[in-house]
1. Which numbered condition in (1) out of contact with any Phe, Trp or Tyr (no Cβ under 8 Å at 6 or more places or on another chain); (2) farther than 16 Å from ALA92 by Cβ; (3) crowded, with 16+ Cβ neighbours inside 10 Å is the only one that GLY48 fails?
2. How about the range 74-95: which of its residues are touching a helix residue (DSSP H, G or I) at 6+ places or on another chain (Cβ under 7 Å) and closer than 17 Å to LEU12 by Cα?
3. Name the residues in the range 29-43 that are part of a helix (DSSP H, G or I) and surrounded by fewer than 14 Cβ atoms within 10 Å (Cβ to Cβ), would you?
4. Of the residues that sit in the range 1-16 and are open to solvent by less than 60 Å² (accessible area, probe 1.4 Å) and either modelled with pLDDT of 90 or more or in contact with a Gly (Cβ under 8 Å, 6 or more places away or on another chain) (or both), which one is nearest to ARG54 (Cα to Cα)?
5. Specify which of the listed residues (ASP58, ASP71) is open to solvent by 30 Å² or more (accessible area, probe 1.4 Å), of a type outside the set (Lys, Arg), free of Cβ contacts under 8 Å to residues at least 40 places away in the same chain and out of contact with any helix residue (DSSP H, G or I) (no Cβ under 7 Å at 6 or more places or on another chain).
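The values are calculated or read from the model by the stated rules, or taken from the named source; none is laboratory data. Nothing here was measured: the structure is a model prediction, and the numbers come from that model. FYI the Cβ positions are ideal-geometry reconstructions off the backbone, even for glycines, and counts take in every protein chain you see. What goes into the accessible areas is simple: the full protein's heavy atoms, side chains included, and nothing from ligands, DNA or RNA. Shrake-Rupley method; radii C 1.70, N 1.55, O 1.52, S 1.80 Å.
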Amino acid sequence: MSTHIKRLCDSLELPRADAWAAHATVEGWLRAESAPDSDTSIDRLRVGSRLLSRLETDGRLTRDQLSLLADLCQQRLDDDTAPARDRESLAAVVDHVEYTLDMCST
């Protein structure tokens with residue numbers, strides 16, 4: 001029998017503007033995807049909910065949470081749905097998350 005261990009990575013310790021953009025992105029996604037007609041799985045919503053909580057407390061994140069954050073921020077950049085003032089912050093979050101994921105895996 002195998003044991004599934006979720007390794008926690010460091011907290012992101014983002015600058016205020018970057019943390020705000022990340023939080024707003026996750027919060028907006030959760031609001032939209034928790035609608036009854038959404039196809040998003042309960043597990044993915046749970047990861048998103050915990051991610052939001054850890055962003056609010058500057059807590060340590062799991063690889064799943066980091067991956068979701070990078071995906072959501074990148075999607076918002078690609079879809080051009082982010083306000084101009086948040087674009088640089090979202091790009092910085094994606095870069096920081098990718099760096100953290102690399103460091104977490106070593």
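1. (1)
2. Residues of the range 74-95 touching a helix residue (DSSP H, G or I) at 6+ places or on another chain (Cβ under 7 Å): 74, 76-77, 82, 86-87, 89-94.
Answer for the range 74-95, where residues must be touching a helix residue (DSSP H, G or I) at 6+ places or on another chain (Cβ under 7 Å) and closer than 17 Å to LEU12 by Cα: GLN74, SER89, LEU90, ALA91, ALA92, VAL93, VAL94.
3. Keep residues of the range 29-43 that are part of a helix (DSSP H, G or I), which gives 29-33, 42-43.
Correct list: ARG31, ALA32, ILE42, ASP43.
4. Kept after step one, since they are open to solvent by less than 60 Å² (accessible area, probe 1.4 Å), are these residues of the range 1-16: 9, 11-12, 14.
Then keep just the ones that are either modelled with pLDDT of 90 or more or in contact with a Gly (Cβ under 8 Å, 6 or more places away or on another chain) (or both); that gives 11, 14.
Details: SER11: 8, LEU14: 12 Å.
Result: SER11.
5. Numbers: ASP58 fails: free of Cβ contacts under 8 Å to residues at least 40 places away in the same chain.
On inspection, the qualifying residue turns out to be ASP71.
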